[in-house]
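Below is one structure; the comments refer to it alone.
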Amino acid sequence: ETNKLYCTSVKCCIFELKAELNSDKKEKKKEAVKKVIASMTVGKDVSALFPDVVNCMQTDNLELKKLVYLYLMNYAKSQPDMAIMAVNTFVKDCEDPNPLIRALAVRTMGCIRVDKITEYLCEPLRKCLKDEDPYVRKTAAVCVAKLHDINAQLVEDQGFLDTLKDLISDSNPMVVANAVAALSEISESHPNCNLLDLNPQSINKLLTALNECTEWGQIFILDCLANYTPRDDRESQSICERVTPRLSHANSAVVLSAVKVLMKFMEMLPKDLDYYGTLLKKLAPPLVTLLSAEPELQYVALRNINLIVQKRPEILKHEMKVFFVKYNDPIYVKLEKLDIMIRLASQANIAQVLAELKEYATEVDVDFVRKAVRAIGRCAIKVEQSAERCVSTLLDLIQTKVNYVVQEAIVVIKDIFRKYPNKYESVIATLCENLDSLDEPEARAAMIWIVGEYAERIDNADELLESFLEGFHDESTQVTTQQNTQVLHKHTQNTPDSDNPDLRDRGYIYWRLLSTDPVAAKEVVLAEKPLISEETDLIEPTLLEELICHIGSLASVYHKPPNAFVEGSRGVQHKRLPARTASGESAESPDAGQSVGGVSDAPPAVIPSQGDLLGDLLNLDLAPPSASVPVVPASMQMGVDLLGGGLDSLIAVGLAGGTGGMPAGLGGTPAMGGGLGDLFDLGGGVGMATGSYVPPKAVWLPAMKAKGLEISGTFARRGGGIHMDLSLTNNAMSIMTDFAIQFNRNSFGLAPAGPLQVLTPLAQNQTIDVSLPLNTNGPIMKMEPLNNLQVAVKNNIDVFYFSCQYPISLLFVEDGKMDRQVFLATWKDIPSENETQYQIKDFHLNSDAASTKLQGSNVFTVAKRTVDAQDLLYQSIKLTNGIWALAELRIQSITPNYMTRLRTRASLSLSASLWVQFAMLYDCGFLEGLDHFVVFP
Amino acid sequence: MIHSLFLVNATGDIFLEKHWKSAVSRSVCDYFFEAQERATEPENVPPVIPTPHHYLISVFRHRIFFVAVIQSEVPPLFVIEFLHRVVDTFQDYFGVCTEAAIKDNVVVVYELLEEMLDNGFPLATESNILKELIKPPTILRTVVNTITGSTNVGEQLPTGQLSVVPWRRTGVKYTNNEAYFDVVEEIDAIIDKSGSTVTAEIQGVIDACVKLTGMPDLTLSFMNPRLLDDVSFHPCVRFKRWEAERILSFIPPDGNFRLLSYHVSSQNLVAIPVYVKHNITFREGSSQGRFDLTLGPKQTMGKVVESVLVSSRLPRVVLNANLSPSQGTYTFDPVTKLLTWDVGKINPQKLPSLKGSMSLQAGASKPDENPTINIQFKIPQMAVSGLKVNRLDMYGEKYKPFKGIKYMTMAGKFQVRT
């Protein structure tokens, strides 16, 4: 019967419907409107009927009225003049005694996106916002959001935003929820004005409404709560307590929004608090439950769990089994589960995990099987104790001779070899048996690497490599580069002609290198490979923190900050986890409200996985085809500059690098030097010593205290060594001889590496400059301040004592550049208590200049990321005693302030005083006009 | 919020669209169709798909894709949950949620969607509120409407929408007052080759059908509430009371609803009610494979295992299977390689078995993958977790209702690796 609603021909439809709509019979009219709606629903154009349908609007039949409203909403835009006809009825309906009609009218009017109608909407809307009936008020609240979407200025001019804010304290929970939802939507296009002005009173209102409103309202309110920063840990705990019951809600979106609030506010709770532990325990079951829901829900849940296990692995560490893959899970669920399994893998559960992974490697889906094999390799690298077991599992898989399994296994074994060199070469024979079956570039590249690396253990390595060389021209870049490197490994000098300029150049450079200085060549090609890190795709820490604040959102599914992809978001405020603050202290986090206008053009900032060896070894110019290499370490950019850039930078390096640790034979032409410079940098920063910061000489020992001997001096780091540069002046009446120097025990074991070389007697009024090389092999004692050094100088007259302070940068060693992945893992590993934050004001260098300058003092930029107008530099420092310090430097291009966060594994006090020193480096080194720096907390 | 909704059938036709804000062109679905083409199975279409200007979030139910279009940052779970609610509502209104049913009731569908969202914000999603607003179509009502000229749309303000108990209508009346509760548990398990349990967990629900006059206030207590440490409640359940006393106290919605769902994790010992003895072998170079499967009951607390259905996707090299079942019937689809064996009941005295040979592609090598066996079954009158309802009490009304509790255990994703 109803099928007749589907008409075959549009034309006949329109004609017939027109007649029916103008019929005198009410029933026929209604049926006709129904047919019109049905046609509209399936996408037919029935706009031609506009006047006829609008004529049916004035009716007391509610259904007919609703149907006409439906039609109006769809077509008013295309017939704005006609739509005016409807205005009177709307205005009248807004005064109807029946609240259902009032609400319907205000709701529909808001959906008609015609300017002329919008003007008439204001008065009825104002009344409806204050209607006695909450159903009308809640409908009106949403209407403000609609109106704002059509005409934002009008909404502001009419003061509707203020009325909307008032509705947050409405007595009806649904009105509150809708007001929050409307305000949240509006504020998305108004990132700078703080519409949801949250204070303890409004938070309390929201928490009360949370218990009583619908599930959807709960989502809006929870998402809104997540934007609040509690004043202290007590407030944080009390909000957590009131949000926790939402974890038992049947609606998974409510659960995940509650998880977001808890994950964020937990950050403020002291870890030794009982409640903290309780909360951790409460988070696991709801997350597990999400995984028994429909696959689409599971997928979103898994993407979020991936973030949660990176931030707080302890929550789900006992729940490994729920991530085991069922063979009929959709592929997108399988892959996510696999990823989380590796993240949760530990010595305790590795046996189970490996057994599962081995099982997956026999499944049908090739993609999934490959990922499973890779996962075995990742386990080996992550859990050292399991490496042997992983290798034997991989060997088992190779024995299956399934082609793609073998190839994946070989790629993975290469990584294991790199991580644990000289441990598992016994399996090389088995690998070599499978040489012929390798037809994928990555697998071939891996095999070539293995053969080259262990050439001396493989009898016929030459032959094997030759066999790879045969297909040279057909190979992909990846394989050929690998071949090139490995053939060089074997000191074979004939670099084949290749059409790929990258390869040719590289071959050429190697060749030049080999012919000029074989020793240097060895150093370059056989340079230590970067470490294989434990976790191959950790999310960079600042991004992770931001994503935790966005749990449950699209951002959390894509693991990108919201502004990276949401259309029309005009500069989203960056969210940071709150810092832990005890009650009574100030809660203003230093960088709260650091929102900066302008959408960032930065690419997504997930640090690329370290899959390809090539990328690690020769990382700069191959320009991998994928666009997903967002993080360009500043040093690398510099390298590119040097190669292709102007004379300026070359000269700069020539000057600065003059005293550096480059092997002498490599002096060559500037261009050559530049090219090699970047090679060296890639090889692990062998010798990039450039002008490190040297404080001006200060008078350490005035003449009047030392019987006429005046000593002034400074410290410098040159050519990888530490020097104490002294000026000795004889103000006494007699000649001075027999100089000697001794240091008291000090914090870093600094000691003279040789005697004080004052060979000729120092005559009256004569000054001599002496450079005393130092080492760090002396006895250690903690000094206060940490960088204090007590010195005794003896001459023929007497022994004199003085103390001086050396810049901490003196102790920053040249190989302080950490591998990106190691950096990530380490940063995550260091508890946040060990973090210190500083703000450096009035700073005018851009990030590249700062990075270069800092690198001169052996503060290495590991990675750089640009978010909105901020540059984030991730830097590593290694001290002579092996302590690593990691820093994040935020540079805003708008305000000349730097924000720095420093983490070190060493104790807090060390970290703090190190920081003071570090800040001094920024301070004295190159910040002219800097008055002060601010210390947080 | 949610911008638009497109319904797409398995053949890739858009058969319904609804826009809650300005209209979005159908062409946005092209991105969805691309993803659909790439996926080997419809189930594998990723649920969130980015396009240059929009995001598409979809669920696949009843062979229909429900594709929501969003433009700003909206929680994806919010969208997915809403889409589920749409599916449930259609099923509730039309008995089935099929393309035909939706097309037959297209105006009601449109009215429903209009009531469920306003400007993309959820408005009325509770079944009983919707039913006050828009009456479900029945044959009788269609006839009556045609004669009297009355409509499907309610004339009254949906009172439930504003009351403290939005899930329940006022003025409910029944001549027979009854409240039934079904405790249904599904076991998800992976059993390895040797028969030991890799992982096993229980997903349980208590579904209720409550037809009680007035505003009854119910409490439901359990013999062993400690089993329920991971629960999700219907909004009607008073959470504080549960926290304090482990008692479910609630004013029920009218009609059918899910009171709670719970999860018994793999860390608890989960009883496995069936076992499988299998011997599926392929020999290198031979064109024959052997297939031998026997089922038996295990930890069933004396209850009968029934409606047993075994299915397995055999390797691609299997051309055909020549098997003989000791009971029930089996089918093998040489195209999809899906073997299904409808076993029926398991008689512990005479264990069901399926034996025989498989013919393999000539010259093909031994298959790389091992088939996984999927088992479905039901065990009435038993909740495998051991959960037991203690008592059900009613307050607030004077009549004596009829009460009933039923237990049932089923296989969820129950998989045996070979």
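As a footprinting exposure proxy, order A:Ser727, B:Ser261, A:Ser553 by other Cβ within 10 Å, with the fewest listed first.
A:Ser727, B:Ser261, A:Ser553
Treating only the Cβ atoms of Lys and Arg (+1) and Asp and Glu (-1) as charged, compute the dipole magnitude of the stretch B:274-380 about its Cα centre; round to the nearest 20 debye.
It works out to roughly 280 debye.
Tell me the relative contact order for the stretch B:274-380 as a rounded percent, counting alpha carbon contacts under 8 Å between residues six or more apart.
In percent, rounded to a whole number, it is 38.
Could you grab the relative contact order for chain B? Cα pairs under 8 Å, six or more apart, rounded to a whole percent.
Over chain B, the number comes to 14 percent.
Amide H of B:Thr199 versus every other amide H placed in the peptide plane: which residues, excluding those fewer than 5 positions away on the same chain, fall under 5 Å?
For B:Thr199, whose amide H was placed from the backbone, the distant partners under 5 Å are B:Ile190.
Bin by bin, in steps of 20 Å, what percent of the Cα pairs in chain B do you find, going until the bin that has the longest distance?
Percent of Cα pairs in each bin: 21, 46, 30, 3.
In what sequence, highest mean first, do A:754-761, A:29-36 appear when ranked by Cβ atoms within 10 angstrom?
Result, highest mean Cβ count within 10 Å first: A:29-36, A:754-761.
Starting at the first residue of the stretch B:59-73, write each ³J(HN,Hα) from the Karplus equation 6.51 cos²θ - 1.76 cosθ + 1.60 with θ = phi - 60°, in whole Hz, x for Gly and Pro.
For the stretch B:59-73, the Karplus curve yields 10, 10, 9, 6, 6, 10, 8, 9, 10, 9, 10, 10, 10, 10, 5 Hz.
So for the pair B:Tyr395, B:Ala23, with labels modelled 7 Å out along Cα→Cβ, what separation do we get in nm?
In this crude spin-label approximation the distance works out to 5.6 nm.
Counting only other chains, what is the mean number of Cβ atoms within 10 angstrom of the Cβ of each residue in peptide B:368-379?
Per-residue shielding by partner chains comes out at 3.
Run down the lysines and flag those whose C-alpha is under 27 Å from the C-alpha of A:Lys853, throwing out any fewer than 8 positions away in its chain.
Cross-link targets: A:Lys529, A:Lys697, A:Lys817, A:Lys828, A:Lys841, A:Lys864, A:Lys878.
Suppose R0 equals 25 Å; then what is the FRET efficiency for B:Thr98 and B:Val165 from their Cβ-Cβ distance, rounded to the nearest 0.05?
0.15
Full-extension gain between A:Lys25 and A:Asn403, please, as 0.36 nm times their residue separation minus the C-alpha to C-alpha distance.
Full extension of this stretch gives 128.5 nm more.
Enter the mean number of other protein chain beta carbons within 10 Å of the beta carbon of each residue in B:389-396, as an integer.
0
Once you place label points 7 Å from the Cα toward the Cβ at A:Asn796 and A:Met733, how far apart are they in nm?
Label at A:Asn796, label at A:Met733, 1.6 nm between them.
Please identify every one of the trypsin sites (Lys or Arg not before Pro) in the stretch A:367-468 that sits in a loop by DSSP and has no more than 14 other beta carbons within 10 Å of its own beta carbon.
Listed in order of number, the matching sites are A:Lys401, A:Lys423.
Quote the FRET efficiency, to the nearest 0.05, computed for A:Asp157 versus B:His53 with a Förster distance R0 of 35 Å and r equal to the Cβ-Cβ distance.
Between A:Asp157 and B:His53 the formula returns 0.75.
What order, most packed first, do the peptides A:796-807, B:63-74 have when packing is the mean number of other Cβ atoms within 10 Å of each residue?
B:63-74, A:796-807
Mind checking the mean number of beta-carbon atoms from other chains within 10 Å of the Cβ atoms in A:287-299?
If you average over the peptide's residues, the count of other-chain Cβ atoms is 6.
What size of dipole, in debye to the nearest 20, comes out for chain B about its Cα centre when the only charges are +1 on Lys and Arg C-beta atoms and -1 on Asp and Glu C-beta atoms?
Computed charge dipole of chain B: roughly 1500 debye.
Give, as ranges by residue number, the residues of the stretch A:288-325 whose backbone N falls under 11 Å from the point 7 Å along Cα→Cβ of B:Lys303.
Nothing falls inside the zone, counting backbone N under 11 Å.
For a paramagnetic label modelled at 7 Å from the Cα of B:Lys406 toward its Cβ, which residues of the stretch B:180-196 fall within the zone defined by backbone nitrogen distances under 16 Å?
What the label zone holds, given the 16 Å backbone N cut-off, is B:180-186.
Determine the gain in length on full extension of the stretch A:Asn227-A:Ala48; use 0.36 nm per residue of separation and subtract their C-alpha separation, reporting nm with one decimal.
59.7 nm
Work out, step by step, the length gained on full extension between A:Leu198 and A:Lys271: first 0.36 nm times the residue separation, then minus their alpha carbon distance; give nm to one decimal.
Value of the extension gain: 23.7 nm.
Given A:Lys382/A:Lys419; A:Lys311/A:Lys334; A:Lys281/A:Lys337; B:Lys303/B:Lys388; B:Lys131/B:Lys400, which pairs have Cα atoms separated by over 19 Å?
Table pairs above 19 Å Cα-Cα are A:Lys311/A:Lys334; A:Lys281/A:Lys337; B:Lys131/B:Lys400.
What's the exposure ranking of A:Asp329, A:Asp274, going from fewest to most Cβ atoms within 10 Å?
Result, fewest neighbours first: A:Asp274, A:Asp329.
Assuming R0 = 30 Å, what is the FRET efficiency of B:Ala364 and B:His62, from their Cβ-Cβ distance, to the nearest 0.05?
Calculated value: 0.20.
Which listed residue (B:Leu112, B:Pro136, B:Gly12) has the Cα farthest towards the positive end of the charge dipole for the stretch B:2-148, taking +1 on Lys and Arg C-beta and -1 on Asp and Glu C-beta about the Cα centre?
B:Pro136
If the label point is 7 Å along Cα→Cβ of A:Gln347, which residues in the stretch A:355-387 have backbone nitrogen under 16 Å from it?
Under 16 Å, as judged by backbone N against the label point of A:Gln347, lie A:380-387 of the stretch A:355-387.
Ordered by residue, what ³J(HN,Hα) values in Hz, to whole numbers, does the stretch A:248-257 give under the Karplus form 6.51 cos²θ - 1.76 cosθ + 1.60, where θ = phi - 60° and Gly and Pro are x?
9, 7, 6, 7, 5, 5, 4, 4, 5, 5
Take every Cα pair under 8 Å in the stretch B:191-300 that's 6+ residues apart, average their separations, divide by the length, and report that relative contact order as a whole percent.
Here the relative contact order equals 30 percent.
For the stretch B:274-380, just run the numbers: alpha carbon Rg, then divide by 2.2 N^0.38 Å, N being how many residues it has.
Cα Rg divided by the expected 2.2 N^0.38 Å: 1.12.
Could you work out how far apart the two model spin labels at A:Lys707 and A:Leu207 are, taking each label as a point 7 Å from the Cα in the direction of the beta carbon, and quote it in nm?
So the label points at A:Lys707 and A:Leu207 sit 7.5 nm apart.
Sorted from fewest to most neighbouring beta carbons within 10 Å, what does the list A:Leu21, A:Leu222 look like?
Arranged by neighbour count, lowest to highest, A:Leu21, A:Leu222 become A:Leu21, A:Leu222.
Since every read-out is calculated from the coordinates, none of them should be taken as a lab result. Note that the coordinates shown come from a computational prediction; the quantities given were computed from them, not determined experimentally. Note that each Cβ is placed from the backbone with ideal geometry, even for glycine, and that neighbours are counted across all protein chains shown.
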